[in-house]
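This report concerns only the one structure given below.
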């Protein structure tokens, strides 16, 4: 155990989060997403896992250590419901609350069509699979920066 770290964050996930740079993208996916095959094409090249937890809990852990990008309009994206792009399922509403709490501000989702989401995920730094059993528990996050207190802030 380490102090001040969420115990869900295993060594592989922490290594990936630490290795990512500003602007790199991270995918968090549900149990239905083709995580292994998509992850094979990412920068990391393998699937990371946070089994046994839902998407909101996994994202709470991840965002406890990873800042979201403040230099882009949408550092958080969600997979659209097929045929209902404006529908926001419960899993996405729960994750939205976690994002806003972690960032201390409103960070509205951009929505990404299902097949466009798959293509974007293949170009991400890594994919983290959760135990989320509900559909559309799939998200992309863009890593931000942590600036020194005397650095210009945005």
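Considering only 58, 11, 101, the mean-square fluctuation computed in a Gaussian network model of the chain, springs between alpha carbons under 10 angstrom, is largest for 11. The value given for the chain is a Kirkwood hydrodynamic radius of 15.5 Å, derived from the mean inverse Cα-Cα separation. The distance between label points at residue 65 and residue 100 comes to 2.7 nm (points 7 Å beyond Cα on the Cα→Cβ vector).
Taking the chain as a Gaussian network of alpha-carbon nodes connected by springs under 10 Å, the highest mean-square fluctuation of the residues 54, 100, 32 belongs to 100. For the range 22-142, what's the relative contact order in percent, using C-alpha pairs closer than 8 Å and at least 6 residues apart? Result for the range 22-142 is 54 percent.
For the residues 132, 98, 106, a GNM of the chain with alpha-carbon springs under 10 Å puts the largest fluctuation on 106. When shorter helices are ignored and each DSSP H run of at least 4 residues is given -39500 (n - 2.57), the per-residue value for the chain at 222 nm works out to -8500 deg cm²/dmol. Within the chain, DSSP assigns beta bridges of which about 45% are antiparallel (rounded to the nearest 5).
None of the figures in this text is laboratory data; all of them are computed from the coordinates on show. Given the structure is predicted, the values throughout are model-derived calculations rather than measurements. For neighbour counting, all protein chains shown are included, and Cβ atoms are generated from backbone atoms with ideal geometry for every residue, glycine included.
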